[in-house]
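Following: one structure in structure tokens, then a few remarks.
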Amino acid sequence: MNSEFGSTMGEIDLPSIPTLQAFERAATLGSFALAANALNRTPSAISHAIRDLEERFAVALFERVGRSVKLTAAGAAYLQTVKNALEVLTKGTKQLVAAQEPTTVRLSALPFFTSAVLLPNYGEFERRFPRLDLRIETSNAYADIANNEVDAAIRFGDANTDGLAVTPLIEIGGLPVCSPAYLQSAPPLNDITDLTGHTLIHVSQNPDAWQRWLWSHNPDLPALDSSMRFDSILGALDAAERGLGIVLAMDPIIRAYPGFGTELVPALELAGGETHTYNFVCRKSSLAARKIQNTLSWLQSSLAPYQ
């Protein structure tokens, strides 16, 4: 009989998803016990679900052979139907969830970190997360994460992170670097005291970096006279590549910098000394979001070779 809402002929009381999952696992694995383990349920729960199916449709789906089970012809035919249905549901659910999540990640980072780490590994991000659109905002100023100016940021040192989630990425020390040509033509560099007789390139944003680093190794060294200054670390590194002096670079990140080992080499390697940390910073409310976790995972794997 037809109604204004359509025919009711052929309607079936369909089994629940957990019941169908129990059947699919038991049929695929050939064991109620293995199915229970795979689904984190008890064997009796699996057995009950199968019995419910068989009684519901008045058909034997399994033959019991000792502790194992074997599909009947009807069970084998139904298994393919159930597999297809579960695959369609899983795919559709993933698409639904993905459609609700923003696909853009706005990441703020300092120019040096962007040049040394983010850009060389950008292709790997695209390969791993093709649905995410990573937008890197490079600036020496700190973006306002709390007010949603960006989704996350990579911050150096003890930045103000009140109310934000902070994940340490990598510990950074100082490494004096210069061009090979400068190293060959300048006075010998045998220990830290020799540095005071060289042109030391400073970065205006961190003007005391050289002095703090020197005193962290030898507090008896005299105060430095002002040498060459640049307004950014990238400018200072360019000056060092041109043989104008020695710059205090961030180790080990500098080892990922294009040209390290050829245009720039260590002028003097010293263990210990002052250290700081690069941190991944985001809003606490967004830390668990998939796009944030994917971005953090990519950063950690990109930095792994230098840990």
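The values are calculated or read from the model by the stated rules, or taken from the named source; none is laboratory data. Model, not experiment: these values are computed from the prediction. Please note: Cβ atoms are built from the backbone with ideal geometry, for glycine as well, and neighbour counts cover all protein chains shown. Please note that ligands, DNA and RNA were not included when accessible areas were found on the heavy atoms of the full protein model with its side chains. Shrake-Rupley method; radii C 1.70, N 1.55, O 1.52, S 1.80 Å.
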On the basis of being in contact (Cβ under 8 Å) with a residue 24 or more places away in the chain, in contact with a helix residue (DSSP H, G or I) (Cβ under 7 Å, 6 or more places away or on another chain) and of a type in the set (Lys, Arg), does ARG242 make the cut? no
Considering only residues that are farther than 16 Å from HIS276 by Cα and either crowded, with 16+ Cβ neighbours inside 10 Å or in contact with a helix residue (DSSP H, G or I) (Cβ under 6 Å, 6 or more places away or on another chain) (or both), which ones fall in the stretch 200-210? LEU200, ILE201, HIS202, VAL203
Extreme residue, modelled with the highest pLDDT, among residues of the stretch 211-226 that are surrounded by 14 or more Cβ atoms within 10 Å (Cβ to Cβ) and farther than 22 Å from ILE253 by Cβ: TRP215
Just to verify a result, which residue in the stretch 57-92, among those that are part of a strand (DSSP E or B) and either open to solvent by 60 Å² or more (accessible area, probe 1.4 Å) or out of contact with any Lys or Arg (no Cβ under 8 Å at 6 or more places or on another chain) (or both), is farthest from GLN21 (Cα to Cα)? VAL65
Show the residue pairs that are 6+ apart or on different chains and have beta-carbon atoms under 9 Å apart, the first residue being within the stretch 25-40 and outside any helix (DSSP H, G or I), the second being at pLDDT below 90 and of a type in the set (Ser, Thr, Tyr). GLY30/SER68; SER31/SER68
Is the stretch 252-259 home to any residue that is touching a Cys at 6+ places or on another chain (Cβ under 8 Å), in a loop (DSSP other than H, G, I, E, B) and either acidic (Asp, Glu) or open to solvent by less than 70 Å² (accessible area, probe 1.4 Å) (or both)? no
Residue by residue through the stretch 95-151, note down the ones that are at pLDDT below 90, under 24 Å from ILE233 (Cα atoms) and open to solvent by 80 Å² or more (accessible area, probe 1.4 Å). TYR142
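Residue by residue, here is whether (1) without any contact (Cβ under 8 Å) to a residue 12 or more places away in the chain; (2) of a type in the set (A, V, I, L, M, F, W, C); (3) outside any helix (DSSP H, G or I) holds:
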site: GLU269; (1), (2), (3): no, no, yes
site: TYR278; (1), (2), (3): no, no, yes
site: VAL281; (1), (2), (3): no, yes, yes
site: SER285; (1), (2), (3): yes, no, no
site: LYS291; (1), (2), (3): no, no, no
site: THR295; (1), (2), (3): no, no, no
site: LEU299; (1), (2), (3): no, yes, no
site: LEU303; (1), (2), (3): no, yes, no
Of the listed residues (LEU195, LEU169, LEU189), the one being at pLDDT below 90 and open to solvent by less than 20 Å² (accessible area, probe 1.4 Å) is LEU195
